[in-house]
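The values are calculated or read from the model by the stated rules, or taken from the named source; none is laboratory data. This is a predicted model, so every value here is computed, not measured. With ideal geometry, Cβ positions are generated from the backbone for all residues, glycine too; neighbour counts draw on all protein chains shown.
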Ligand SMILES: [Zn+2]
Ligand SMILES: [Zn+2]
């Protein structure tokens, strides 16, 4: 009976629109996209447009929704915030306001009941299962009071479906038509619209599933978050998730200079030209101390002695930064 319970579907709570959108775009990507490529071929225009749209919508999630709006790890000028909101909608991962509310709850309650994408409920649940059913009652959204004061965020919250449809599907289709008429427009719709949406979504979803299951825990084992350089390759640097959960207000996820984190590089570069400011970073000493403490805890655990208390962002001693950057 317990085993069968796992397959129980609460039909009255199914989020039908989400199910059809996720299922429909995936189905088209697996059928119509290969058909188009086999029928009309694939030229550099279609490949280039796919990667540009993948970059615009994917980076709008990591740079905008995640590090800027959810964590406020830096400040950005209005045009950047606007572009992040316009193309973030094209990833079809909810409005920035809803996304940030879920994400802040994820950080606050990681691996527990109130974590919206709690990995302890299984890989599939954390990946996308959590979106397929209505939560009863809906969680309060008082954790985004700061974002509610931002008129741009509220405007996007109201119209994000329309905005996403325009920037995610209509715009690449129009560019395709301009480039090569109906045939190229159809290709742009299928490849840069539909397949690109599926690609960006599953890369983001992997942060909640794979980055809470596979990889290393160099900074702390107090929650399931893990560092994975492989995942970082597909997620603009968000794969260094163990560091991120330990130091969530740092604008970097791949904190070491050699770690692949294009979002960090973009924020840093835009800072040099004055478009981003107040980049928050944890002092090196604090990071090294966390790594050292975790190494020591593991050593004691291996030797069968009581493991030392995991060092967290809260209990770690504050060490003044050498360069005066805030944390
Ligand atoms: Zn996480
Ligand atoms: Zn985060």
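Points worth noting:
- Test: residue in region 74-85 that is more than 16 Å from ligand 1 (Cβ to nearest atom), outside any strand (DSSP E or B) and within 21 Å of residue 206 (Cβ to Cβ): yes
- Residues that are surrounded by 13 or more Cβ atoms within 10 Å (Cβ to Cβ) and not in a helix (DSSP H, G or I), drawn from region 23-42: 42
- Cross-chain or 6+ apart pairs with Cβ under 8 Å, region 213-235 first and without any contact (Cβ under 8 Å) to a residue 60 or more places away in the chain and on the phi > 0 side of the Ramachandran plot, then within 16 Å of ligand 2 (Cβ to nearest atom) and not in a loop (DSSP other than H, G, I, E, B): 215/227; 215/231; 215/241; 215/242
- Failed item, numbered, when residue 242 is tested on (1) surrounded by fewer than 17 Cβ atoms within 10 Å (Cβ to Cβ); (2) modelled with pLDDT of 95 or more: (1)
- Among the residues of region 176-185, those identified as surrounded by fewer than 18 Cβ atoms within 10 Å (Cβ to Cβ) and on the phi < 0 side of the Ramachandran plot are 177, 178, 179, 180, 182, 183.
- Boolean, residue 92 is under 26 Å from residue 186 (Cα atoms), touching a residue at least 40 places away in the same chain (Cβ under 8 Å), away from ligand 2 (no atom under 16 Å from the Cβ) and part of a helix (DSSP H, G or I): no
- Boolean, residue 268 is more than 17 Å from residue 73 (Cα to Cα) and either at pLDDT 95 or above or away from ligand 2 (no atom under 14 Å from the Cβ) (or both): no
- Scanning region 175-212 for residues that are over 22 Å from residue 244 (Cβ atoms) and either within 16 Å of ligand 1 (Cβ to nearest atom) or without any contact (Cβ under 8 Å) to a residue 12 or more places away in the chain (or both) yields a count of 4.
- Count of region 98-121 residues which are within 12 Å of ligand 2 (Cβ to nearest atom), touching a residue at least 40 places away in the same chain (Cβ under 8 Å) and over 17 Å from residue 242 (Cβ atoms): 2
- Identity of the residue in region 43-71, free of Cβ contacts under 8 Å to residues at least 40 places away in the same chain and farther than 30 Å from residue 240 by Cα, that ends up farthest from the chain's Cα centre (by Cα): 43
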